[in-house]
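**Q** My questions all concern the structure below.
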Amino acid sequence: MFRILCTAFLGAILASATAVAGIPSRFFDFAHVVDGEGARTFFLVMNKGTDSAHVTLTLMKNDGSPLTLDIDGTSTSTFEFDLPAGGSRRMASSGASSPLASGWAQLRADHEVGAQELFQISSGGKVGTTAAVESFSPVTAADGFVEQEGGTRTGIAISNLSDVGAINVRLRLIDESGQELRAVTIELGPSNKVAKFLDELFSDLGDFRGTLRIEASGPFSAVILQQTGVVLGTLPPLEIF
């Protein structure tokens, strides 16, 4: 069932500021959304401020077009709601998409809120694993720890945060000694997302542990998924200053 999620994973700004993980903000970008065949996505929003916040969640496909999902019984690509001071809301996709749906999401609010994303994978009606994802600040360069050995496989999703221009993304594979082994460049159109396993980006890679350096001509959002057996983990890359 993990492979189903990762298959979709492989295939998440025009604002002046965005959220850093764990810090309230008005701008959140989530590089991956998935629904169907046992996979669901949850959005968790909390308002710890003293004013009500108007929140808008926008879902997009990998090509930047609207992504329609059934969330809490409503099927659309844009969800709006008011969150009272001190209030919270959990929004859950139905898991009923067929074929499997994949994309990314932006969450905007007129006052600072906290927001997180959670993936859940079920099999036979039982939850197999969950993984939390924080919003990722827009950057033009970042490093992510990646690993492919001993039953562990790593994937990465990258979203172009501009809806007006394409960006070129250079992916460089660096081993633990700091030596660059491979490099590849991909182009992402406006509001587009790409998601690949490490061994799809770099063929005949074999066992590897090290760093994936991401360098782009414009701001992007990214998330790394790592599987070991039935355990699914997520982690954001680290910005390069």
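The values are calculated or read from the model by the stated rules, or taken from the named source; none is laboratory data. What you see is a predicted model; the values in this text were computed from it and never measured. When we count neighbours, we look across all protein chains shown, and the Cβ atoms used for this are built from the backbone with ideal geometry, even at glycine. All accessible areas refer to the heavy atoms of the entire protein, side chains included, with ligands and DNA or RNA removed. Shrake-Rupley method; radii C 1.70, N 1.55, O 1.52, S 1.80 Å.
**Q** At 7 Å along the Cα-to-beta-carbon direction for both Thr228 and Leu118, put a label point, then send me their distance in nm to one decimal.
**A** The two pseudo-label positions are separated by 2.3 nm.
**Q** Right, another one. Which order, highest average first, do 95-101, 38-44, 212-218, 166-172 follow once you tally other Cβ atoms within 10 Å for each residue and take the mean per peptide? Intermediate results must be reported in sequence, preceding the final value.
**A** Numbers: 95-101: 15.3, 38-44: 21.3, 212-218: 19.3, 166-172: 17.0.
By packing density, highest mean first, the sequence is 38-44, 212-218, 166-172, 95-101.
**Q** Pull up the cross-link candidates among the lysines for Lys193, meaning alpha carbon to alpha carbon under 17 Å and not fewer than 8 places away within one chain.
**A** Lys61
**Q** Then there's this: Quick one: length gained pulling Val164 to Ala85 fully straight, 0.36 nm per residue minus the C-alpha distance? It would help to have the intermediate numbers written out before the result.
**A** Details: separation 79, 0.36 × 79 = 28.44 nm, distance 3.48 nm.
Result: 25.0 nm gained on full extension.
**Q** If you don't mind, another one. Based on Cα positions only, what radius of gyration and what Dmax would you give for region 70-125, in angstroms?
**A** 13.4, 41
**Q** Compute the Rg to Rh ratio over region 96-182 from the alpha carbon atoms, using the Kirkwood formula for Rh, and round to two decimal places.
**A** Details: Rg = 17.2 Å, Rh = 17.1 Å.
Value, to two decimals: 1.00.
**Q** Where in region 149-187 is the amide nitrogen less than 17 Å from a point lying 7 Å along the Cα-to-Cβ axis of Asp204?
**A** Inside the label zone: 181-184.
**Q** What is the percent carbon and sulfur in the accessible area of region 163-230, measuring with a 1.4 Å probe over the protein chains and ignoring ligands?
**A** Values: 1310 of 3220 Å².
In region 163-230, the share of accessible area belonging to carbon and sulfur is 41 percent.
**Q** Right, next: Roughly how far apart, in whole Å, are the Cα centres of region 137-216 and region 68-112?
**A** Here the answer is 28 Å between Cα centres.
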